[in-house]
Each structure stands twice: as structure tokens, then as C-alpha cells.
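The values are calculated or read from the model by the stated rules, or taken from the named source; none is laboratory data. Remember, predicted model here, so these are calculated numbers, not experimental data. Glycine gets a Cβ as well: all are built from the backbone with ideal geometry, and neighbour counts include every protein chain shown. Note: areas computed on protein heavy atoms with side chains; ligands, DNA, RNA excluded. Shrake-Rupley method; radii C 1.70, N 1.55, O 1.52, S 1.80 Å.
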Amino acid sequence: MQIKYRIGIMPGPWPGGPPGEGLDFFWRLIDVCERTEIDSIWFSDRLSSPLPVLEPMTTMAAVAARTRRLKFGPSVLIAPFRSPVLAARQLAMLDYLSGGRVLPAVGIGVEQEREFLAAGVPFRERGRRTDEAIQVMRRCWEEPEVTFAGEFWRLERITVLPRPIQQPMPLWVGGNSEAAMRRAGRMGDGWIPSFITPDQFRVGVDKTLTFAAEAGREVPGDHFGTLVNFCLDSDPAVARSIALPFIPRGRVDAPTLDACTAFGPAALVSERLEQYVQGGGSKFVLRPMCPPERMLEQFERLAADVIPAFHGR
């Protein structure tokens with residue numbers, strides 16, 4: 001298999017000023033991505049957040065209308081929060097309108113029970129609901145009529161049209177846990193964790209492939225990737241000082257954070273990505289840790305100094 005290496009981006013901290021300021025920033029961001037070699041843009045899915053987080057479904061529709069080349073996806077769509085038929089229909093429509101540029105990825109969501117309470121979903125059911133939702137979405141994308149009786153959803157002669165342009169529609173699975181690896185191997189088309197060291201990533205790829213083999217399936221070799229937080233500056237100390245106020249707290253310990261981020265010159269970012277490549281990765285989402293007013297500059301530098309060599313390998 002010829003592996004295609006690709007780098008996409010996720011917006012960093014969003015502007016918190018007047019709505020018009022954030023909207024102007026959004027269009028400028030999308031135009032930078034479309035104009036450069038950035039492969040894709042990804043949007044986090046949160047039901048509640050103290051900071052602005054763009055809702056992924058509606059935001060992806062705006063991206064589809066604004067662009068002709070750029071791919072886009074949720075990182076990741078919280079499957080338990082939504083009816084899987086509605087999610088399948090929305091993603092199919094986005095793929096149809098964009099000419100096949102959607103990159104669906106799903107997961108069980110963050111470890112915050114209050115968001116599940118707000119969604120009306122029992123926290124303890126999130127894993128089983130995600131498994132069942134994946135089954136339903138796949139069938140809605142591929143079959144002319146779906147009848148299904150599960151633990152959480154019942155379908156009787158359901159048809160989703162228009163179909164996605166991509167057939168079959170790829171469905172990636174997010175998450176760092178072994179349960180996520182098992183889900184990706186047994187039900188998904190790819191695995192994309194975050195806040196994971198290169199060594200942990202290598203182990204996760206091997207486990208995912210093992211789970212796939214046990215299920216009589218195959219996850220393509222170029223369908224493994226991860227999210228990497230970065231900040232570009234010629235001086236690593238300066239890059240770290242810029243990034244420090246924006247690094248999510250409590251996700252991982254300090255050694256893990258040091259091993260899964262890249263704060264410094266372009267060569268350091270490339271080196272970190274290469275460590276993941278050695279573990280089986282080829283698709284990456286890079287998220288800048290910097291003030292909003294420096295985000296576009298970071299993406300321009302990433303597109304100029306890191307992406308061309310990586311995409312051309």
C-alpha cells in the first residue's frame with residue numbers, strides 16, 4: 001500500500017471578543033486553509049464549555065460552502081449525544097454538498113457526566129450507545145432501507161438520501177482507551193487519539209490491528225493518526241512560554257505532555273510527527289497553543305515550513 005501522509009489542523013483558542021470579530025476570524029481561517037496545502041480542518045464537539053467552541057455540524061456546512069478543496073471533519077463527534085439516523089443524514093448531506101470531502105470521526109465524549117445529563121443520556125451507557133450508533137450510521141449510508149432493533153434505537157424501513165459521495169463512507173474512531181482501540185478495530189475504519197505519546201501510539205496501533213484481525217476485519221494501514229498540540233518559534237523556550245497559558249489542564253501528566261506536543265522550530269514539529277510515523281501514523285491534526293491573534297500566523301508557518309515536505313514524502 002502506498003501511504004499518503006497528510007496534515008490537517010484544528011483551531012486553537014477562539015477569539016472571545018464581539019461576535020463580528022470571531023466571524024471575521026473564522027472566514028480568514030478557512031481562507032488560509034483553502035489557499036495553502038493544509039489538508040483538512042477539524043472541529044471539536046462539546047455540549048458545554050466555558051470558552052467558545054464552534055458547533056461542528058453547522059460549522060462544517062459553512063466550510064463546505066466556502067471551499068472547493070479543503071476536507072473537514074469533527075474531532076470527534078460525540079456519538080451518544082445524537083440520534084444516529086440524524087447524524088448519518090447530516091454527515092451524508094455534508095459529503096454530498098462538498099463533493100465527498102467529509103472525514104467522519106466519532107467517540108464516546110469527555111469524562112464529564114454533567115454534559116451527558118444535559119443531553120439526557122446516562123453516562124454509563126456512552127460506550128454501548130456509541131457502538132450501536134456506529135452500526136446504525138454505517139447501515140444508513142450503505143443500505144437502501146434499514147430495519148434495526150437494538151438496545152437504544154429501533155428503525156423500521158428507514159432510508160437516508162442523498163447518499164454520501166464517498167462509498168463506502170469512512171468512519172474513524174477517537175479515544176485513547178483500549179476500549180476505543182477495540183471499537184476502532186472491530187467497527188471503525190481508522191483510529192485517531194489525542195494526548196498520547198509516540199510509544200503509546202505505537203502500542204495502540206498494534207492493538208487496534210489485533211482487534212480488527214480477531215473480528216475478521218482490516219483497518220487500512222494509512223488510517224492511523226493523532227492530534228498534536230504545537231507552537232512554532234525558533235526558540236523552544238519562547239514557544240513554550242507562548243503555549244503554556246493555553247495548554248488544557250488535567251488531561252495528562254507532565255512527561256506525557258512533553259512527549260506528545262511540539263513547541264519550538266519547524267524542525268522540532270517535523271521530528272515529533274516522524275516519531276508518530278515510526279509508530280504507524282500518517283494522518284495528523286495539529287492544534288496551535290497560542291493567543292487567537294497569533295493563530296493564523298502559526299498556520300501560515302506550518303503550511304510553509306512543515307507541510308510541503310511531509311505531504312511530498
Review point. For the Cα atoms of the chain, what angle does the longest principal axis make with the long axis of helix 198-214, in degrees from 0 to 90, nearest 10?
Key: 20 degrees
Check your understanding: About its Cα centre, how strong a charge dipole does the chain have in debye, to the nearest 20, once Lys and Arg get +1 and Asp and Glu get -1 at the Cβ?
Key -> 560 debye
Review point. Roughly what % of DSSP beta bridges within segment 1-159 run antiparallel, to the nearest 5?
Key: 25 percent
Practice item. Compute the acute angle (0 to 90°) between the alpha-carbon long axis of helix 295-305 and the principal axis of greatest extent of the alpha-carbon atoms of the chain; round to the nearest 10°. Key: 80 degrees
Review point. Hey, what's the chain come to in accessible area per residue, 1.4 Å probe, Å²?
Key: 44 Å²
Point to revise | Charge-dipole axis of segment 217-276 as Lys and Arg at +1 and Asp and Glu at -1 on Cβ define it, positive-most pick from 244, 227, 268 | key: 244
Check your understanding: Cα-based Rg (one decimal) and Dmax (whole number) for segment 93-227, in Å?
Key -> 15.6, 46
Point to revise | Among 130, 198, 295 the positive-end extreme of the charge dipole of the chain (Cβ point charges) | key: 130
Review point. What is the antiparallel percent of DSSP beta bridges lying wholly in segment 142-257, to the nearest 5?
Key: 40 percent
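For residue 275, what charge total do you get from the other residues with a beta carbon under 13 Å from its beta carbon, if Lys and Arg give +1 and Asp and Glu give -1? Mind showing how you got there, number by number?
Details: positive: 202, 272; negative: 199, 258, 271, 274.
Local net charge: -2.
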Review point. Rounded to the nearest 5, what is the percent of antiparallel bridges among the DSSP beta bridges in the chain?
Key: 10 percent
Review point. For segment 69-167, what does the alpha-carbon gyration tensor say about shape, rounded, prolate or oblate, given a ≥ b ≥ c as the root eigenvalues, a/c under 1.5 as rounded, and a/b over b/c as prolate?
Key: oblate
Check your understanding: Check residue 285: other-chain or 5+ apart residues with amide H under 5 Å from its amide H, H built from backbone geometry?
Key -> 8, 226, 227, 228
Practice item. Could you grab the relative contact order for the chain? Cα pairs under 8 Å, six or more apart, rounded to a whole percent. Key: 20 percent
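Which percent of the accessible area of the chain is formed by carbon and sulfur heavy atoms (probe 1.4 angstrom)?
53 percent
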Revision key, fill the gap. Between residue 172 and residues 5 or more places away or on another chain, the pairs with built amide H atoms under 5 Å apart involve 105, 106, 189
Study note, to complete from the structure: Given [x] 0.97; [y] 1.12; [z] 0.95 as possible values of Rg/Rh (Cα atoms, Kirkwood Rh), the one from the coordinates is [z]
Review point. With charges only on Cβ, +1 for K and R and -1 for D and E, what is the dipole size of segment 57-126 about its Cα centre, in debye, rounded to 20?
Key: 400 debye
Exercise for review: List the lysines whose Cα lies under 21 Å from the Cα of residue 4, skipping any in the same chain that are fewer than 8 positions away.
Suggested key: 71, 283
Review point. Is segment 246-313 rounded, prolate or oblate when judged by the Cα gyration tensor, a ≥ b ≥ c being the square roots of its eigenvalues, rounded requiring a/c under 1.5 and prolate requiring a/b larger than b/c?
Key: oblate
Revision key, fill the gap. In order over segment 68-76: 3J(HN,Hα) from phi, Karplus 6.51/-1.76/1.60, θ = phi - 60°, whole Hz, x for each Gly or Pro, gives 10, 10, 5, 8, 7, x, x, 10, 10
Point to revise | Calculated from backbone phi, Karplus (6.51, -1.76, 1.60) coupling profile of segment 103-113 in Hz, x at Gly/Pro | key: 10, x, 9, 10, x, 8, x, 6, 7, 10, 4
Check your understanding: How far is the Cα center of segment 202-273 from the Cα center of segment 127-141, in Å?
Key -> 28 Å
Practice item. May I ask for the angle, rounded to the nearest 10°, between helix 266-278 and the longest principal axis of the chain, with both axes built from Cα atoms and the value confined to 0 to 90°? Key: 40 degrees
Revision key, fill the gap. Any residue on another chain or 5+ positions along whose placed amide H is under 5 Å from the amide H of residue 43 is listed here as 73, 75
Revision key, fill the gap. When the charge dipole of the chain is computed with +1 on Lys and Arg Cβ and -1 on Asp and Glu Cβ about the Cα centre, the Cα farthest towards its positive end, among 309, 172, 48, belongs to 172
**Study point:** Test item: Cα-centred dipole of segment 221-284, Lys/Arg +1 and Asp/Glu -1 on Cβ, debye
**Key:** 240 debye
